[in-house]
Every structure is written in C-alpha cells, then in structure tokens.
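Structure, as structure tokens:
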Amino acid sequence: MKHIKYWASLLTGAVILASLCGCTLPFTNDNSSDSSTEISYTAFDNKATDTEDIINFIIEAMSDNQTSCNIFVPDPDLIDANEWLTRISGIEQIKCEYRRIKDGYNLVVTFECWDNYAIIKAFNSGNTSQLNSRQVELYNKYIEVLAEVTSPARSDYENELAIHDYLVSHITYIDNGGSTFNAYDAMINGEAVCSGYTESFKTFMDMLGIENYTISGKAGNEQHIWNVVKLDDDWYQVDVTWDDPVGSSQEYIDHSYFNISDSDMAIDHTWTSDFNETNPANGYIYTYPVQAKLHSAGTQYELDRYILRCIKSRSQHIEFTTTNELDIKSAVSNAGVQLSYSYKTTIRNNYTMYSVTFSY
C-alpha cells in the first residue's frame, strides 16, 4: 500500500532538502542577512492572493501537461509546499524556487504528477494532440476498457462496480521499489502499488462523469492512497488496492472496501481531509451489501442452510454478511461434502462481511 510523496525547496539557486515541514523563507539574491531587501525583478503574470489561487495555477499547469508554473505571491506565508501537496491529488513530487522582489516573491513550482490531468483534459476536449506517446497509449487503454466493461445504459453504480472489478482482476499488487507507482504501470504492465490503482480508478470515474476525489493517509501502518466517489447525493469510500487478494492463490474479486462509510474505513485506515470533514462519506443505498443483495445470516442454522445451498450449486466464491459470531467451519462440515475452502472476514461497525472460496 506504499504511496510516497516528496517535496523540496530551492533557495536562489541552492538546492535545500529538508524534512516534511514546508518551504522556508528564501535568501535574498545577494545573500544578505537582511530579509527585507527587495530585488527589482518583474513580477510573474500569474498573481496569487491566496492559497486557492496557487493551487488553481498548479492544477491548470498540470492539466496543460506542464511540469512547472510561475506564480507571484505577495505574502511569504503562502509559500507552503506541504499544503499544496496535501490539497492536490496526483502530485508525486513538488519543488519550489523563489526569490524576493518588490512587493512580494516570484515563485517557480516544479512537480511530477499523474497522467490523469492531461488525459482527462484530452478526453473532455476530444483532442489528444498534447499528449506524449506514453499518455496516448494509456489514453487508448482507458477508452478500450470503458467500451469493454461499461455502458451509458447502465447506472453510475453499475459502471463504478465494473471498473472496480476490472482493476482488481487485471492488476497485481507489486512493490518493486519505485517503478509501479502510476496508472501506466497498472493499466499497461498490470503491476502497481496503491497509487497506480487509485490513479486508474480516478481517471475512469472522471471519464464516466462520476464526482470523486482521492484521500491520502495510512493503512496497515503504511502510507496509502485510495478513492472517494459521489453517487446521487452521497459519498462513499473505495479502496481498490485492499480489495485485491494480495498473496492469495485464489482467483476472486473482493468487495470489502467497495463503497463503504467513513466510519467503516476508519476501522483500519487513518487520514486527514478538510473536504472529507465537510462532505463525509456516509451513504447507505449504494453500499455493496445493499446493491448486491448479499445474504445475511443471523443464526448458525441460517448459515448452515445457506452454505449447504451454495455447495450443492457448486459455487466457487460467495460473499455474505452476519451480525453475530458464527462458525463457518461447522457450516462447511455439516454440508457433508469433501472440499477445501478459505475465507476472509472484514469487520464493519454494524456487521461482518465474509468472502469464502470453495475448491471441489
């Protein structure tokens, strides 16, 4: 689930690498100790009066497939790389170089980011001429998959589920130390860490017109990134990476982290998001157990009967929920059929979800 972001501040030509604490005040061009010295340079055309302006200038540059932008800021307190890194989805590395001029600072921001921004701009405009060869290949793959697994005749939920299932079944979670961090690795090479799953899912949601954003935080004591989507008027959290059965020899698609609430995700994920605080993910109608009409076993007797039916019909993979502590080993044994099985349980606030695979 590794997802790493970096930043660095460049002070008048000298590269300074620091801890994750934001940019520091710059030196003056003549290295004077007097920070009030003003240098007579022309201010950049992009003039920011607040953090929102800076973020919008950076996003605009990302959408134009640029790797840097020039911004004039009147207040040094606005120079905060950590803030930009947190607020903008898809930036993997960000650097800032700035110098004091009359009435403010000229700021050069350079960054490495997802292909998502350029690809979505091309998709919305119908013009791919500004994409590089790698992005064109990735763009065509997105279009191919959309035609294969989604349809305008289906609901947003159905298309979202189809994309989730495609990604889980076509990507293998592999952390090779640095070259599996983006959607290209996920979609073209079929290997990725969480940022590759997340960028791919976000791009598909953007193409489908489903409002969404990403959340960075921690899961399993590692840095992690995942998605949040809006269906009708409600938000739902989605962690495609954690629905991929990493390390399992079984071939199945899990849905334990598909369209769940903040409170359920918070059982094993932690994050901080101002947008999420004002727009909590607490939807119910489009949660997976509701839409999939999963069986709910309330008693051991109900579970025994359900497992027996599934085994008799030679089901290879099943999902169900329960609000009680039930014994699946006993249920399988009572079916009286020679087979092997494995199962995974995911605890939620109001239920436990089971994912069971049978081998006959």
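Restricting attention to helices (runs of 4 or more DSSP H) lying wholly within segment 242-307, give those where 1 or more residues are surrounded by fewer than 20 Cβ atoms within 10 Å (Cβ to Cβ) and small (Gly, Ala, Ser).
By residue number, 262-265.
Being touching a helix residue (DSSP H, G or I) at 6+ places or on another chain (Cβ under 9 Å) and either among the hydrophobic types (A, V, I, L, M, F, W, C) or not assigned by the TED database to the domain that holds Val73 (or both) is the filter here, so list the residues in segment 97-114 that pass it.
Passing the criteria: Leu107, Val109, Phe111, Cys113, Trp114.
Here is a list: Tyr142, Tyr157. Which entry is touching a Ser or Thr at 6+ places or on another chain (Cβ under 7 Å) and part of a helix (DSSP H, G or I)?
Every option except Tyr142 fails the conditions.
Could you check, for segment 206-215, whether at least one of its residues is touching a helix residue (DSSP H, G or I) at 6+ places or on another chain (Cβ under 7 Å) and in a loop (DSSP other than H, G, I, E, B)?
The answer is yes; a qualifying residue exists.
Could you check segment 185-222 and list, in sequence order, the residues that are in contact with a strand residue (DSSP E or B) (Cβ under 6 Å, 6 or more places away or on another chain) and of a type in the set (S, T, N, Q)?
The answer is Ser195, Thr198, Asn212, Thr214, Ser216.
Determine which single condition Lys344 fails, assuming it passes every other condition in (1) surrounded by fewer than 12 Cβ atoms within 10 Å (Cβ to Cβ); (2) part of a strand (DSSP E or B).
(1)
Determine which single condition Leu25 fails, assuming it passes every other condition in (1) at pLDDT 90 or above; (2) touching a Pro at 6+ places or on another chain (Cβ under 8 Å); (3) open to solvent by 40 Å² or more (accessible area, probe 1.4 Å).
Of the numbered conditions (1) at pLDDT 90 or above; (2) touching a Pro at 6+ places or on another chain (Cβ under 8 Å); (3) open to solvent by 40 Å² or more (accessible area, probe 1.4 Å), the odd one out for Leu25 is (1).
In the set Asp274, Asp234, Asp254, which member is under 21 Å from the mean Cα position of the chain (by Cα), closer than 23 Å to Val193 by Cβ and acidic (Asp, Glu)?
On the way: Asp274 fails: closer than 23 Å to Val193 by Cβ; Asp234 fails: closer than 23 Å to Val193 by Cβ.
Answer to the check: Asp254.
Please tell me if Ser89 is in a loop (DSSP other than H, G, I, E, B), free of Cβ contacts under 8 Å to residues at least 24 places away in the same chain and open to solvent by 20 Å² or more (accessible area, probe 1.4 Å).
no
Within 14 Å of the chain's Cα centre (by Cα), hydroxyl-bearing (Ser, Thr, Tyr) and open to solvent by 20 Å² or more (accessible area, probe 1.4 Å): does that describe Ser195?
No; evaluated as a whole, the condition is false for this residue.
Evaluate the following for Asp185: is it open to solvent by 10 Å² or more (accessible area, probe 1.4 Å), in contact with a Ser or Thr (Cβ under 8 Å, 6 or more places away or on another chain) and under 26 Å from Ile253 (Cα atoms)?
So Asp185 fits the description; yes.
Name the single residue, out of those in segment 129-176 being in contact with a strand residue (DSSP E or B) (Cβ under 7 Å, 6 or more places away or on another chain) and farther than 18 Å from Gly196 by Cα, that is most open to solvent (accessible area, probe 1.4 Å).
Only one residue tops the list, namely Asp156.
The values are calculated or read from the model by the stated rules, or taken from the named source; none is laboratory data. All figures in this text were calculated on a predicted structure; none of them were measured in a lab. For neighbour counting, all protein chains shown are included, and Cβ atoms are generated from backbone atoms with ideal geometry for every residue, glycine included. The area values use the complete protein model at the heavy-atom level, side chains included, leaving out ligands, DNA and RNA. Shrake-Rupley method; radii C 1.70, N 1.55, O 1.52, S 1.80 Å.
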